[in-house]
Structure formats: C-alpha cells, structure tokens
1. What number goes with the only condition from (1) free of Cβ contacts under 8 Å to residues at least 60 places away in the same chain; (2) within 27 Å of residue 140 (Cβ to Cβ); (3) out of contact with any helix residue (DSSP H, G or I) (no Cβ under 9 Å at 6 or more places or on another chain) that residue 219 does not pass?
2. Given the conditions (1) at pLDDT 90 or above; (2) farther than 30 Å from residue 117 by Cβ; (3) surrounded by 13 or more Cβ atoms within 10 Å (Cβ to Cβ); (4) touching a strand residue (DSSP E or B) at 6+ places or on another chain (Cβ under 8 Å), and given that residue 220 satisfies all but one, which numbered condition is not satisfied?
3. Residues in region 198-217 that are touching a strand residue (DSSP E or B) at 6+ places or on another chain (Cβ under 6 Å), over 19 Å from residue 108 (Cβ atoms) and modelled with pLDDT of 95 or more: how many?
4. Sort out for me the helices (runs of 4 or more DSSP H) sitting completely within region 1-116 that have 3 or more residues that are touching a strand residue (DSSP E or B) at 6+ places or on another chain (Cβ under 9 Å) and modelled with pLDDT of 95 or more.
5. Would you mind finding the one in 34, 100, 81, 88 that is out of contact with any helix residue (DSSP H, G or I) (no Cβ under 7 Å at 6 or more places or on another chain) and surrounded by fewer than 17 Cβ atoms within 10 Å (Cβ to Cβ)?
6. Residues that are under 24 Å from residue 150 (Cβ atoms) and free of Cβ contacts under 8 Å to residues at least 12 places away in the same chain: does region 78-87 have at least one?
7. Could you tell me whether any residue of region 176-184 is at pLDDT 95 or above, closer than 28 Å to residue 75 by Cα and surrounded by fewer than 15 Cβ atoms within 10 Å (Cβ to Cβ)?
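The values are calculated or read from the model by the stated rules, or taken from the named source; none is laboratory data. This one's a predicted model, so the numbers in the text were calculated from it and none came from an experiment. Here the Cβ is made from the backbone with ideal geometry for all residues, glycine too, and neighbour counts use every protein chain on show.
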C-alpha cells in the first residue's frame with residue numbers, strides 16, 4: 001500500500017477564496033461619514049424599539065441591527081466604491097472570468113452597527129444576483145461579533161464525517177472564521193455563505209458591507225456604456 005501511495009497525485013479544484021487586506025488609513029474618514037447614516041437609522045428605529053419594549057419588557061435595543069440606507073448616493077463614499085470595484089475586477093480576472101463584455105457596478109453599499117445592548121447577529125446567507133461581496137470593518141475587537149464563512153457545497157455538508165480536531169482548519173472543515181481588526185477589508189464571491197456571530201454588546205461593532213455585480217454591457221443604458 002505504501003508503494004501504491006507514492007504514485008498517487010493530488011490536485012485541488014472548486015475551492016472558495018477569501019481575500020483580505022488592511023486599509024487603516026481610511027478608518028477615520030469612513031467612520032466620520034458613517035456616523036450620520038447610523039444616527040439617522042437609530043432615530044428611524046427608535047419607535048420600533050420602544051414599542052417592542054412596551055410589549056415584551058425593556059431590553060433597550062438588544063437584538064437590533066442598525067442598517068443604513070444605500071451609501072451609493074453619498075459622494076463621501078465615491079472613492080471607496082471605486083476602490084472596491086477595482087479590486088473586485090482584479091479578483092474576478094485572476095479567477096479566470098472574461099469581463100470584456102461586462103461592467104462591474106456597485107449593486108449594494110451600506111453601513112451597519114449592532115445594538116449597543118448586544119444580541120446583534122446575521123444568520124447564514126448569500127447575496128443573490130451578485131459576484132463579489134465584502135466587508136470593511138470600522139469598529140470591532142476581540143470582544144465583538146465576527147464573520148464566519150461556510151462551505152458552499154450543500155451536498156458535501158450533508159455527507160460530512162466527524163472532524164478529528166475542530167480547532168484546526170483542514171479539508172474536512174465546514175466553517176472558517178476571522179477575528180477582524182478596524183481597517184480590515186474582506187472580499188469573497190457572493191455565493192459563499194456567511195454569517196455574523198451573536199454580539200455580546202461589550203464594545204461597538206460597525207462595518208460597511210458591499211455587493212458588486214458584473215452586468216452584460218448590452219443590458220446597460222446608453223449613458224453607462226463606455
């Protein structure tokens with residue numbers, strides 16, 4: 001059997017990539033211009049939180065997520081959006097996709113902050129009709145929530161075997177998590193399932209989420225065509 005194994009070749013296919021970098025030089029600027037959007041959302045949700053607490057008991061804002069409206073119309077985020085599109089284009093190109101007849105657009109861009117009283121989280125999800133998704137972390141620490149990515153192959157998860165060591169990331173792993181620092185930026189294909197663990201409310205947790213879509217140029221309006 002040992003002699004037989006010497007002739008076995010191994011190649012890896014159908015992998016899921018997660019790209020990350022640190023851009024702390026953007027941190028103060030993006031936090032400053034995110035403040036208004038978060039504060040506006042907190043004002044909008046104040047009545048909803050009050051009504052919930054009157055009905056079930058006062059838990060302050062426990063469990064809520066302050067999700068802003070689109071940042072795409074805010075000129076303060078224009079350069080940030082352009083940088084995202086540039087990196088996304090490079091990623092898809094390196095992955096082997098032909099983008100010559102497509103144009104990348106910022107499909108969604110928003111900032112969100114988890115409740116001060118804790119309980120904020122996101123269930124496992126993907127982003128439909130998109131190609132690159134990602135986060136830019138504005139406020140986080142080892143005491144806050146963090147992102148978790150899951151194996152996108154549902155059939156493989158259904159037939160998964162017990163893991164020898166859950167503390168190690170191996171080919172058998174079905175999840176991988178990251179503990180981000182402020183200024184960290186993540187990119188991944190939009191079909192990769194992800195979630196955010198429940199935040200305990202010890203320290204502020206805020207991040208910008210974005211989704212990029214590659215659109216066939218034939219379907220773009222004339223004013224957007226090159």
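1. Going through the list (1) free of Cβ contacts under 8 Å to residues at least 60 places away in the same chain; (2) within 27 Å of residue 140 (Cβ to Cβ); (3) out of contact with any helix residue (DSSP H, G or I) (no Cβ under 9 Å at 6 or more places or on another chain), residue 219 breaks only (2).
2. (1)
3. Number of matching residues: 3.
4. 27-56, 78-94
5. Result: 100 is the single residue among 34, 100, 81, 88 that is out of contact with any helix residue (DSSP H, G or I) (no Cβ under 7 Å at 6 or more places or on another chain) and surrounded by fewer than 17 Cβ atoms within 10 Å (Cβ to Cβ).
6. no
7. Yes, region 176-184 has at least one match.
To keep it simple, each residue is scored yes or no on (1) surrounded by 14 or more Cβ atoms within 10 Å (Cβ to Cβ); (2) out of contact with any strand residue (DSSP E or B) (no Cβ under 7 Å at 6 or more places or on another chain).
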position	(1), (2)
138	yes, no
142	no, yes
150	yes, no
157	no, yes
165	no, yes
169	no, no
174	no, no
193	yes, no
